Amino acid sequence: MLFYSTKNPEKKVNLADAVLKSIDSDGGLYFPKKIPKLPSEFFKNLPDLTFQEIAFEVAKQFFTPEISEKELKQIIKDTYDFPVPLINLNENNYILELFHGPTLAFKDFGARFMARVVSKLISVENKKYTILVATSGDTGSAVAQGFYNIPNINVILLYPSKKVSKIQEKQLTTIGGNIIALEVKGAFDDCQAIVKKAFSDLDFEKNNIHLTSANSINIARLLPQSFYYFYAYAQLKKKNKTNLPLYFSVPSGNLGNLTAGLIAKKMGLPIKGFICSCNINDVFPEYLKTENFKPINSKKTISNAMDVGNPNNFPRIMELYKNNFSKIKSEVIGFSFTDKKTKEKIFETYQKYNYLSDPHTAVALLGAKKLLSNHSKNIIISLGTAHPSKFTDILKPIIGKNIKMPESLIKILKKTKKSMKAKANYEEVKKLIFYINSNFST
Ligand SMILES: *Cc1c(COP(=O)(O)O)cnc(C)c1O
């Protein structure tokens with residue numbers, strides 16, 4: 001499959017370029033040349049397919065033949081070795097739990113897949129690559145887990161010192177092996193600026209250091225996020241619950257998750273519509289009201305992974321709908337909710353259904369409730385994007401109880417943090433990258 005830049009549809013690149021460059025030199029995002037419709041036979045058989053089988057059928061459309069069918073099957077098998085339960089909260093109200101991967105957040109679906117695709121694409125080049133990632137918390141560990149122990153790859157994670165949660169820091173700094181955590185005395189924006197500058201610094205290539213990025217707009221991270229929409233539908237079909245119109249409530253920040261759902265719909269999945277559920281960073285819901293896309297300075301909330309003031313997948317949504325505003329409005333509904341409402345929802349869901357949701361999932365549940373209150377004859381699946389135990393500091397005071405940690409997290413918390421420290425200074429970080437590479441022997 002070829003991909004084109006959203007800034008210039010005439011300019012087409014192959015899979016390797018789209019994935020390894022992440023973003024076009026013209027600043028556009030890569031988009032598949034074609035979104036194929038899947039055959040009706042596939043939809044008929046869906047309930048009998050496993051997650052991995054569904055993922056393969058969808059992925060095949062975009063990633064073969066550059067990646068062979070055999071390799072793709074193996075990538076999917078290695079990536080999705082965890083359950084994806086569909087929970088019935090009550091009546092027509094469901095939650096798809098996407099947080100049972102190694103980092104306990106839905107970012108695992110995209111990041112682990114992308115990591116394996118990257119390693120496959122560069123394996124033919126016989127070069128060593130350094131993946132540079134700036135992270136505000138969740139993304140870094142999902143990406144790093146994906147690249148863990150993969151030959152010829154080093155990962156350097158830049159994270160802002162003291163600005164990520166305790167649990168997140170442990171997840172970033174205890175992986176070891178080919179993953180190096182760089183603790184930067186500064187803000188996330190400093191980390192991001194340093195990474196950006198490094199990519200335009202020719203000294204690295206001159207010294208045989210090949211940098212590549214793994215940021216959130218990478219097309220190999222986006223496409224695999226469509227797999228679970230098909231899988232969720234398959235589970236409903238198994239229960240004979242596909243007679244009512246289906247909506248997904250998507251807790252949204254950069255709109256990657258939502259875009260992947262829209263792609264699934266375009267591939268033929270019979271979804272009535274989507275709810276774009278946001279916290280007070282409500283750029284997309286505002287767009288749906290006004291047709292004006294107006295980025296804002298992001299505001300801090302308890303659903304911090306959605307504190308995005310300039311959602312970076314917006315151009316892809318425009319591309320999918322060819323800028324047809326009324327068409328978008330007929331398929332996507334936008335809502336935004338305050339922290340106060342989110343906390344109330346966490347409390348209510350716990351009281352009523354004995355279900356503890358993290359703050360991001362709670363925003364999705366608020367969106368679902370709002371739609372169901374007007375249209376009770378729908379089925380809504382809210383996407384559960386993070387495990388509640390990652391947010392014990394926020395949840396404990398709301399429910400007044402200690403929160404049980406999964407085994408995997410207890411293990412990580414017992415490990416010793418290992419990081420290299422740097423000032424928020426480009427030259428200093430650059431020296432460290434050179435130093436790390438001089439010891440890059442695997
Ligand atoms: C990243 C993230 C989101 C937002 O997803 P987007 O694809 O950026 O819209 C929601 N919840 C959690 C827990 C996340 O980590």
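The values are calculated or read from the model by the stated rules, or taken from the named source; none is laboratory data. As the structure is a computational prediction, the values presented were derived from the model and not from experiment. In this analysis, Cβ positions are derived from the backbone assuming ideal geometry, glycine residues included, and neighbour counts consider all displayed protein chains. Areas reflect the complete protein model, heavy atoms only, side chains present, ligands, DNA and RNA absent. Shrake-Rupley method; radii C 1.70, N 1.55, O 1.52, S 1.80 Å.
Each residue of segment 295-308 in turn: what ³J(HN,Hα) in whole Hz from Karplus with 6.51, -1.76, 1.60 and θ = phi - 60°, glycine and Pro shown as x?
Values, residue by residue: x, 10, 6, 5, 10, 6, 9, 7, 9, 5, 6, 10, 7, 10 Hz.
Please give the net charge around SER216, taking every other residue with its beta carbon less than 13 angstrom from that of SER216, where Lys and Arg add +1 and Asp and Glu add -1. Mind dumping the intermediate values first?
Working: positive: LYS107, ARG221, ARG316; negative: ASP138.
Result for the neighbourhood of SER216: +2.
Rank-order 416-426, 373-383, 130-140, 108-118 by packing density, defined as the average count of other C-beta atoms within 10 Å over each peptide's residues, highest first.
Per-residue mean Cβ counts within 10 Å order the peptides as 108-118, 130-140, 373-383, 416-426.
In µm²/s, what is D for segment 235-360 at 10 °C and 1.306 mPa s, where D = kT/(6 pi eta Rh) by Stokes-Einstein and Rh is the Kirkwood radius from Cα pairs?
Calculated translational D: 102 µm²/s.
Counting GluC sites (Glu not before Pro) as exposed when in a DSSP loop with at most 14 other beta carbons within 10 Å, what is the longest stretch of the chain free of them?
Counting at most 14 other Cβ atoms within 10 Å as exposed, the longest clean stretch of the chain is 126-290.
Describe numerically, in nm with one decimal, the distance between label points set 7 Å from Cα along Cα→Cβ at ASN149 and at ASN14.
Modelled inter-label distance: 3.1 nm.
Under a straight-distance cross-link criterion of Cα-Cα below 16 Å, which lysines are reachable from LYS418, leaving out those fewer than 8 residues away in the same chain?
Result set, ordered by chain and number: LYS162, LYS166, LYS170, LYS185.
What's the center-to-center distance, using Cα atoms, between segment 76-137 and segment 234-280 in Å?
18
Report in % the part of the accessible area of the chain that belongs to carbon and sulfur, leaving out ligands and nucleic acids; probe 1.4 Å.
C and S atoms contribute 50 percent here.
Measuring from label point to label point, each 7 Å out along Cα→Cβ, what is the GLN52 to GLU291 span in nm?
Here the answer is 4.9 nm between the modelled labels.
Under a 10 Å cutoff between Cα atoms, tell me which one of SER161, SER330, SER141 has the largest fluctuation in the Gaussian network model of the chain.
Of SER161, SER330, SER141, the most mobile in the Gaussian network model is SER330.
Between the DSSP loop rule and a limit of at most 15 other Cβ atoms within 10 Å, which chymotrypsin sites (Phe, Trp or Tyr not before Pro) in segment 159-208 are left?
Working: sites: PHE188, PHE199, PHE204; in loops: none.
In loop regions of segment 159-208 (DSSP not H, G, I, E or B), there are no sparsely surrounded chymotrypsin sites (Phe, Trp or Tyr not before Pro).
When the helices in the chain are scored as -39500 (n - 2.57) per DSSP H run of 4 or longer and the sum is shared across all residues, what 222 nm value do you end up with, to the nearest 500 deg cm²/dmol?
-13000 deg cm²/dmol
Please list the non-local residues whose amide H lies under 5 Å from the amide H of GLY309, H modeled 1.01 Å from N, same-chain partners needing a gap of 5 or more.
It is SER298, by chain and number.
Residues with amide H under 5 Å of LYS163's amide H, sequence separation 5 or more or different chain, H placed in the peptide plane at 1.01 Å from N; which?
The list, which skips near neighbours in sequence, is empty: none.
For the chain, modelled as a GNM with alpha-carbon contacts under 10 angstrom, which of GLY27, GLY367, GLY101 fluctuates the most?
GLY27
So, in nm, how far is label LEU413 from label ASP78 when the simple model puts each one 7 Å beyond its Cα toward the Cβ?
Placing both labels 7 Å along Cα→Cβ, they lie 3.1 nm apart.
Subtract the Cα-Cα distance of SER25 and LYS327 from 0.36 nm times their separation in residues, and report this length gain in nm to one decimal.
105.7 nm
If you take the beta carbon distance between PHE199 and GLU348 as r and set R0 to 45 Å, what does 1/(1 + (r/R0)^6) give as a FRET efficiency, to the nearest 0.05?
For R0 = 45 Å, the calculated efficiency reads 0.50.
What per residue convex hull volume, in Å³, do the alpha-carbon atoms of the chain yield?
Once divided by residue count, the hull of the chain is 139 Å³.
So the label point goes 7 Å from the Cα of LYS404 along Cα→C-beta, right? Which residues of segment 332-352 then have their backbone N under 19 Å from it?
347, 349-352
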